[in-house]
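Colleague: First the structure, then my questions, so here it is.
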């Protein structure tokens, strides 16, 4: 569990920095050129890491039972687009707070209904209270 916490914190840190970096690249380019660059460099990085560490066939991704899950890259392009636009319009802190709130609510719904092969979790009032506190925090931050 400790490793999971560390990775989650690193993901949050990296996402915040990446969002600002991507927004700055877009300032000197365009949205879709920036989005393409982000995913091209991610692809090259992934292929390089796979080359040195991977043992599985690259085409094994197509063995996934539900082919809907192969849309993750398309969702990634949408994520990059929406993060850049939100940071550009709202600034990094406010945009990140709203992004995190949306992630939390969506993740709770996914768990609550057991969507996409996740284990169904029982509804807990504490989760609703936590989300409400996040909303209150965002309102206080914005004032």
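Colleague: From the residues in region 50-82 that are without any contact (Cβ under 8 Å) to a residue 12 or more places away in the chain and not in a helix (DSSP H, G or I), which one is nearest to residue 20 (Cα to Cα)?
Modeller: So the residue we want is 54.
Colleague: Would you confirm, using the coordinates I've provided, whether residue 126 is under 30 Å from residue 33 (Cα atoms), loosely packed, with under 12 Cβ neighbours inside 10 Å and modelled with pLDDT under 95?
Modeller: Here the answer is no, as residue 126 does not meet what is asked.
Colleague: Out of the residues in region 101-122 that are outside any helix (DSSP H, G or I) and loosely packed, with under 10 Cβ neighbours inside 10 Å, state the one that is modelled with the highest pLDDT. Working first, answer last.
Modeller: Residues of region 101-122 outside any helix (DSSP H, G or I): 114, 118-122.
Pick out the ones that are also loosely packed, with under 10 Cβ neighbours inside 10 Å and you get 119, 122.
Numbers: 119: 90, 122: 85.
Out of the qualifying residues, it is 119.
Colleague: Can you say whether residue 87 is within 20 Å of residue 12 (Cα to Cα), touching a residue at least 60 places away in the same chain (Cβ under 8 Å), assigned to a helix (DSSP H, G or I) and under 19 Å from the mean Cα position of the chain (by Cα), as far as the supplied structure shows?
Modeller: Working: within 20 Å of residue 12 (Cα to Cα): yes; touching a residue at least 60 places away in the same chain (Cβ under 8 Å): yes; assigned to a helix (DSSP H, G or I): yes; under 19 Å from the mean Cα position of the chain (by Cα): yes.
The answer is yes for residue 87.
The values are calculated or read from the model by the stated rules, or taken from the named source; none is laboratory data. None of these values were measured; they are calculated from a predicted model. Ideal geometry is used to build each Cβ from the backbone, glycine not excepted, and the neighbour counts take in all protein chains shown.
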